[in-house]
Amino acid sequence: GGVRRRRIFACGILLLACTYVFYMTLPRLLVVEEYNSLQQARDSIALGYRRVSTAVESLSLTFGRADGDTGYSAACALLKGRGCPAYHSQEPIPSGALPRGNKSCILDCNHVGTCVATAGFCQCPMGWTGDGCHIRLRRPCTNKPRSWGLEQIDPGPENLTAYRPPNNPFWSSKAAMCSGACDKDMGMCYCPSHTPFGHIPAGEGSLPGKYDEENQPINFGMTERDWLYGAKGWCMAEEPEHRCSCFKDGIGGPLCNIPTEQTCPNQCNGHGECQQGYCKCQDGWFGQDCAYRVQGVPDSPGTLACMLGAWRTLMHSRMENSTRPWIKQFVHTPAAREPGARGPRLRPLIWVYELPTDYSSLMLQYRVERDHCVTRTFSDDNSTVEAVRVYQLEMGLHEMMLQSSHRTLDPEEADFFYVPLYTACYIQPVVTWGDGPFYYGPIPGRTIQATGFMEEAYHQLRSRYPYWDRKGGRDHIIYVPHDEASCYVPKALRSAIILSHWGRQDSNHTSWTGHAPDNYSVEARDPLWLPKGHLHRINRGPCFDAEKGELRDLVLPDLHNSHFHAHSPLMGNPTVHRKWLALFKGRLQMKNLPYSQGVRQKIALVSREEDWLNNHGILYGDHEAFDGLPSYSQLMSESTFCLAIIGDGYTSRYEDAITHGCIPVVIMDNVSPTLGTIINEADISVRVAFKDVERLPQILKAIPRDEIERLQRNIGRVWRRFLWSSYPLTGPLLQAQLDANLARFNGTEDPSLLPARDTAHDMSQGDAFQTLMEWLQEFCNRMGRSSLEDESALFRHEVAFCLGQRQDPAAIQTLESILRDTAEHPMVRHEAGEALGAIGSPACIPPLRDHAADGCLEVAQTCQLALQRIEFLEGHEPATCPWTPPPPPPAATPTPALAATLLDDGARIFDRYRALFALRDRGGEEALEALAGAFASSSALLKHEVAYVLGQMQDARAVACLKRVLGDAGEAAMVRHEAAEALGAIADRACLALLQQYTEDAEPIVADSCIVALDMLEFEQSGGFQYADDGAVAT
């Protein structure tokens, strides 16, 4: 009836009804000194209430089990989990002040590197290393692999007689095989300096970091000698007969003498010079993309200082009046703008790690050939050229993170931490084509080296920052492309969220590769570099963990260039009759049986023997077999099924099929397909086991027509989830294609053909990147990061309470981590323990037992109480509400006996609670006296519950003792907090002055509670039904 406190609401009332303390969302608003009056503080809280309501609704969506209509059914079609509706239902969050760097670096990074002024270390370019970028880092040119340790390989004298053919063309790069002039910063060879068009080294006295004036890069060791040094040779003639490729970034033209723009992620935010992937930031700016500013440097859209090629043409201009419009599309950093210029922000907030360059930009500088490892290059006229390499998402995802509105420059407010690792670039081409770097030592096997590469990055981030240890890495994100990369991630990084392309799920796995250097399951030892061997470093469990605690791994689609989908009906082209039953076009490697586990080869043999083409309409073969036929895109658009068969691990054919409206046939045993943890593969694909591939025609023909149409319709609903169409490189091009096709083919659609042609839409919405953000938002809520790391302990404790009310086992690990965190406020830890007791599943018992003897008495008693509650409920009917008080003693128990039990510090806390709630239900003066006497107990947990019960009773006779408790500065904060809110619930206006007085208490929990109590008091006197009802905000 008149009771207004949280835990006795009817369980059918929406969770929102028990969250009045969520007024604490913005704790800084609750500091009265920042306002001219208490009323202004209260008004600010009231204005924030609807935002809090939305946040609670988001929690409810995330933890809810019902699949009712959320209002986002179209946007979230076919998606599993609650991430999508939670993402779309959230309110924008305010922007805080930008962090400013004020730390210095050793030797000012030798004027070579950039000082990360928020952390005080240097980010060095190629050629330099050390704490101050003061030590030369050489990468020699070579035509052979190292044979031991860190031996330096002498490339030989610079003369025309020193030409040496390579002894291992596969190992060493064409660019690194050198008997000319070697650029030992990057391991690249040029024409000798004494030839007419040879390399001109920097002059004496050049400052550290000044690059040589480059000329033509050449392919020494792989090119005929006369083509280089003959009368019409490349190094000798004005107009050579043979021309070499200008493969180094920043150089173009027929003779490699035209400077071009170089490629960097986010193009250095318009505040730095791109040096083949490394950003040399302008004075006052720093970071991997020059997004951060030192103290006192104002914001600006981008004063662009660019040194083009070796000629270093310096141009200063404002972005809006830039003479370099070709980079404007690729400079977008809302996180770096002042709060008023950033625009709205949504969770999750992601901080991109600032680490030494070894794991990102150094790999780009070492790539040598311009079109490797990047998503784009610039042509001779600086127009954009899309890359066509596999695994180019490595730079693409890094750049999307840097440019996203989800990025934050303040790691303290981050929900997740992205670690940029260029593992695929390291594997190919860096360690394959050149001389290292090695992790550690020249041990054969590039995937073995990649494991060391990732392990080294892990040690770097833990040694420089505290954020990994905060949640044991569970809020960290790493992306590891390459064929089987998720299988050789080191154990040290396994707790992180692993994004990859390879969803292999079987344990005790071994490599499936047919390429020996990529076999990660071969043991490798070295007495110096790997004395314990390689295999102990990697996980023997699943490569892809679909469910690890609160978080899962995720298989992502790769990034294709915009032309890949040229004929797809989903890109506005007319849907055509699908005349082919099935299609596969790709490598077969008939003599390499380990490749594809022999599956592609087996199908090839059977399909030829049984003439699948003529008998079943199945196109199957390698690339040569398709000579003279339409393009791959057109063939997929004309096929009902497209085969997604493993290769050396990952294959992109699953998402290739979907983006063309072709039903994928998954032939990958124990492998989860792309986005398989978000979209049920049975809704959009067919799976065939390895053992059944010989019956493939019969299996496909047996699928009913209505099932085929269901799959096709579903593909039409989710296909954009497999495109990176919000990426500034591909998005505008895809949008232009779609719009042009829709205009060109308007009115030509056959409605009987499926999937239906997509209509006009914004390609930047609902794509793979937004899908990733929605997925992270679900686990952001599951971890409680958006609320459980709020500055207000009062707010955090209420959130923990709500997680217990939801009774969702997904919250157990989060609550356990709070309970184990001895640095957390005891009141929050208490509420986490109580929430575990409310959930009550067997998984809750071990952490409760672990802390039943906790050093904090309140926490220990909470865990004891929770365990006793779980034990009691095992033999009784389950509670109808998530948390009900312990059942009272028999009704005939006299009040003095109840009082004696309540006041007995030696009694079980469970029994004392039973007496407490029995006295509450009994009421009257004698019960009130017993309850008031309990404030002499040594148990703060009991006393805080006594205060809570007195608020429930709403008896004015309790005001005096509650005032004494509130005014006792030596009392535990959790007890004073409950006393304040109890006074608000009793709603005696005589308490106003006291509550107003303690809104300025030195203990923030007490001050916050008094502000809430004043609002409660006012509301109680208004006659409303429920304090926390939506819209029932006191004004």
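The values are calculated or read from the model by the stated rules, or taken from the named source; none is laboratory data. Not measured: the values here are computed from a predicted model. All Cβ positions, even for glycine, are placed from backbone atoms using ideal geometry, and neighbour counts span all protein chains on display.
Out of segment 734-785, which residues are among the polar types (S, T, N, Q), at pLDDT 75 or above and part of a helix (DSSP H, G or I)? Outline the logic, then answer.
Applying the first criterion (among the polar types (S, T, N, Q)) to segment 734-785 yields 735, 737, 741, 746, 748, 752, 759, 764-765, 770-771, 777, 781.
Add one more test, that the residue is at pLDDT 75 or above, and what stays is 735, 737, 741, 746, 752, 764-765, 770-771, 777.
Within segment 734-785, 735, 737, 741, 770, 771, 777 meet the criteria.
Is there a residue in segment 930-941 that is farther than 21 Å from residue 858 by Cβ and either part of a helix (DSSP H, G or I) or modelled with pLDDT under 95 (or both)?
Yes, the conditions are met somewhere in segment 930-941.
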Scope segment 174-213; condition of a type in the set (Lys, Arg) and modelled with pLDDT under 65; matching residues: 174, 210
Residue in segment 362-370 that is within 30 Å of residue 514 (Cβ to Cβ) and among the β-branched types (Val, Ile, Thr) present: yes
Lone unmet requirement of (1) touching a residue at least 60 places away in the same chain (Cβ under 8 Å); (2) among the hydroxyl-bearing types (Ser, Thr, Tyr); (3) more than 30 Å from residue 777 (Cβ to Cβ) for residue 465: (3)
Residue count, segment 74-123 (criterion: of a type outside the set (A, V, I, L, M, F, W, C) and closer than 30 Å to residue 460 by Cβ): 16
Single match in 860, 835, 866 (criterion: buried (at least 18 other Cβ atoms within 10 Å of the Cβ), in a helix (DSSP H, G or I) and out of contact with any helix residue (DSSP H, G or I) (no Cβ under 7 Å at 6 or more places or on another chain)): 860
Neighbours by Cβ (under 6 Å, 6+ apart or cross-chain): first from segment 951-975, under 24 Å from residue 921 (Cα atoms); second of a type in the set (A, V, I, L, M) and not in a helix (DSSP H, G or I): 952/3
Residues (in a loop (DSSP other than H, G, I, E, B) and either of a type in the set (Asp, Glu) or at pLDDT 95 or above (or both)) located in segment 671-689: 673, 674, 675, 684, 685, 688, 689
Residues satisfying the stated conditions in segment 698-710, i.e. closer than 16 Å to residue 662 by Cα and assigned to a helix (DSSP H, G or I): 700, 701, 705, 706, 707, 708, 709, 710
Residue check for residue 427: part of a helix (DSSP H, G or I) and out of contact with any helix residue (DSSP H, G or I) (no Cβ under 6 Å at 6 or more places or on another chain): no
Leading residue by the ranking (nearest to the chain's Cα centre (by Cα)) among those in segment 489-525 that are of a type in the set (D, E, K, R) and farther than 20 Å from residue 458 by Cβ: 504
Among (1) in contact with a Ser or Thr (Cβ under 6 Å, 6 or more places away or on another chain); (2) part of a helix (DSSP H, G or I); (3) over 25 Å from residue 81 (Cα atoms) - the single one residue 660 does not satisfy: (2)
Which numbered condition residue 532 fails, given (1) closer than 30 Å to residue 748 by Cα; (2) assigned to a loop (DSSP other than H, G, I, E, B): (1)
Count - residues of segment 686-719 that are farther than 21 Å from residue 755 by Cα and of a type outside the set (Val, Ile, Thr): 9
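Residues checked against (1) among the hydrophobic types (A, V, I, L, M, F, W, C); (2) surrounded by fewer than 19 Cβ atoms within 10 Å (Cβ to Cβ):
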site: 328; (1), (2): no, yes
site: 335; (1), (2): yes, no
site: 342; (1), (2): no, yes
site: 346; (1), (2): yes, yes
site: 349; (1), (2): yes, no
site: 364; (1), (2): yes, no
site: 375; (1), (2): no, no
So residue 426, is it at pLDDT 90 or above and more than 25 Å from residue 779 (Cα to Cα): yes
